[in-house]
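A.B. asks: Got a structure for you, questions after.
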Amino acid sequence: MNAGSITDVDGIRVGHSQRAGDGWLTGVTVVLPPSGTVAGVDVRGGGPGTHETDALDPRTLVPTVDAVVLTGGSAYGLISAHGVQRWCEENGRGFPVGTAPHEIVPIVAAAAIFDLGRGGDFSARPDADMGYAAALAAAASGDHAAPGRGSVGAGTGARVSQGRFKGGVGTASIRLGAEAGGAVVGAIAVVNAMGTPLVDALVPVDGGPGGLNTTLAVVATDALLDPAETSRTATAAHDGIARALDVAHTLADGDAVFALATGAVPLPGPERATRVVALIALQSAAAEAVRLAVLDAFSAS
């Protein structure tokens, strides 16, 4: 049931790194947007593991983001964001903090799922090198390259339904009509939920720790949005998680949605009423793209 991907949004690239076997079953997924992409986030789960999400608040200094990292390893795995920061610094991506070109601080937001011990070794979890490798893979993937799906990247050790079935990575996209300027909305999801996906068939897994849970998503659009509108898009996109899972946003889930707006496509306006209609259409599509991405994780081969 693959219906497009987040990389249908111009300039969005996705890379994975993972390791399985010898005690390992985990990985990292990196979403690299074009420079100047506006970002927002909404964290709904009761057990979140996040990094630099406060920097995406529309009331703060920097409106843009250089990369978004989805990782295994629970809170330990957030160190993978350091490797992505290193890649960004080497490639001149970051917020200027001085007069020299190298005086930058990359803005790299991250969130983690719980997959500790699922490969057999509790200490086998993503590190900075794995994050760097995923950033390299994203950069090298090329425009509109379809990202890996299923048991890849941050979804390598993912499980759902209280640990009974295999989870994974899914993606989808939607192209809007004239009411939203023909904007594209895409999503990628890492599904490691306590709840059960609303699909016909799931793949059982053998024993081992179920642990805590989380569904993570990145929703991207080429629409021109300001930071508040982008953050509101992340909020709306959470509805897609709730529609795809029974249940979502529990105390034991760390559910988080990041939103990215590259700004290539102006929305209709300038009349406020016209823009509101466009925003409602776009944010409704964001929820649907996330729903499709969550379900796609279970149709991926």
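A.B. asks: Against the definition (β-branched (Val, Ile, Thr), under 25 Å from residue 14 (Cβ atoms) and within 16 Å of the chain's Cα centre (by Cα)), how does residue 265 come out, yes or no?
C.D. replies: Spelling it out, it is not the case that residue 265 is β-branched (Val, Ile, Thr), under 25 Å from residue 14 (Cβ atoms) and within 16 Å of the chain's Cα centre (by Cα).
A.B. asks: Something else: Just give me the residues in segment 101-123 being modelled with pLDDT of 95 or more and farther than 30 Å from residue 159 by Cα, in sequence order.
C.D. replies: 103, 104, 105, 106
A.B. asks: Can you give me the number of residues within segment 105-148 that are crowded, with 23+ Cβ neighbours inside 10 Å and without any contact (Cβ under 8 Å) to a residue 40 or more places away in the chain?
C.D. replies: Of the residues in that region, 0 qualify.
A.B. asks: Here are the criteria: (1) at pLDDT below 95; (2) farther than 26 Å from residue 123 by Cα; (3) not hydroxyl-bearing (Ser, Thr, Tyr). Tell me which single one residue 45 does not satisfy.
C.D. replies: (2)
A.B. asks: In addition: Quick check: is even one residue across segment 163-173 surrounded by fewer than 24 Cβ atoms within 10 Å (Cβ to Cβ), in a loop (DSSP other than H, G, I, E, B) and touching a Ser or Thr at 6+ places or on another chain (Cβ under 9 Å)?
C.D. replies: Yes, there is a match, as at least one residue in segment 163-173 is surrounded by fewer than 24 Cβ atoms within 10 Å (Cβ to Cβ), in a loop (DSSP other than H, G, I, E, B) and touching a Ser or Thr at 6+ places or on another chain (Cβ under 9 Å).
A.B. asks: Also, quick follow-up: Report yes if some residue within segment 175-196 is surrounded by 17 or more Cβ atoms within 10 Å (Cβ to Cβ), among the small types (Gly, Ala, Ser) and within 15 Å of residue 299 (Cα to Cα); otherwise report no.
C.D. replies: Within segment 175-196 (the criterion being surrounded by 17 or more Cβ atoms within 10 Å (Cβ to Cβ), among the small types (Gly, Ala, Ser) and within 15 Å of residue 299 (Cα to Cα)), the answer is yes, since at least one residue qualifies.
A.B. asks: If I filter segment 263-290 down to residues being charged (D, E, K, R) and in a helix (DSSP H, G or I), which single residue comes out as nearest to residue 223 (Cα to Cα)?
C.D. replies: 275
A.B. asks: So how many residues does segment 60-100 have that are within 17 Å of the chain's Cα centre (by Cα), of a type in the set (S, T, N, Q) and surrounded by fewer than 24 Cβ atoms within 10 Å (Cβ to Cβ)?
C.D. replies: 2
A.B. asks: Do you know which of the residues in segment 259-301 that are touching a strand residue (DSSP E or B) at 6+ places or on another chain (Cβ under 9 Å) and among the hydroxyl-bearing types (Ser, Thr, Tyr) is modelled with the lowest pLDDT?
C.D. replies: Across segment 259-301, the extreme among qualifying residues is 301.
A.B. asks: Where residues in segment 254-290 are in contact with a Pro (Cβ under 8 Å, 6 or more places away or on another chain) and among the polar types (S, T, N, Q), which of them is farthest from residue 43 (Cα to Cα)?
C.D. replies: That would be 274.
A.B. asks: Here is a further query. Are there any pairs with C-beta distances below 6 angstrom linking a residue in segment 62-84 that is in a loop (DSSP other than H, G, I, E, B) to a residue that is among the hydroxyl-bearing types (Ser, Thr, Tyr), with the two at least 6 apart or on different chains, and if so which?
C.D. replies: Matching pairs, first to second residue: 72/26; 73/26.
A.B. asks: Is segment 205-222 home to any residue that is on the phi < 0 side of the Ramachandran plot, part of a loop (DSSP other than H, G, I, E, B), without any contact (Cβ under 8 Å) to a residue 12 or more places away in the chain and out of contact with any strand residue (DSSP E or B) (no Cβ under 6 Å at 6 or more places or on another chain)?
C.D. replies: Yes, segment 205-222 has at least one match.
The values are calculated or read from the model by the stated rules, or taken from the named source; none is laboratory data. The shown structure was predicted, so the numbers you read here are calculated from the model rather than taken from an experiment. In this analysis, Cβ positions are derived from the backbone assuming ideal geometry, glycine residues included, and neighbour counts consider all displayed protein chains.
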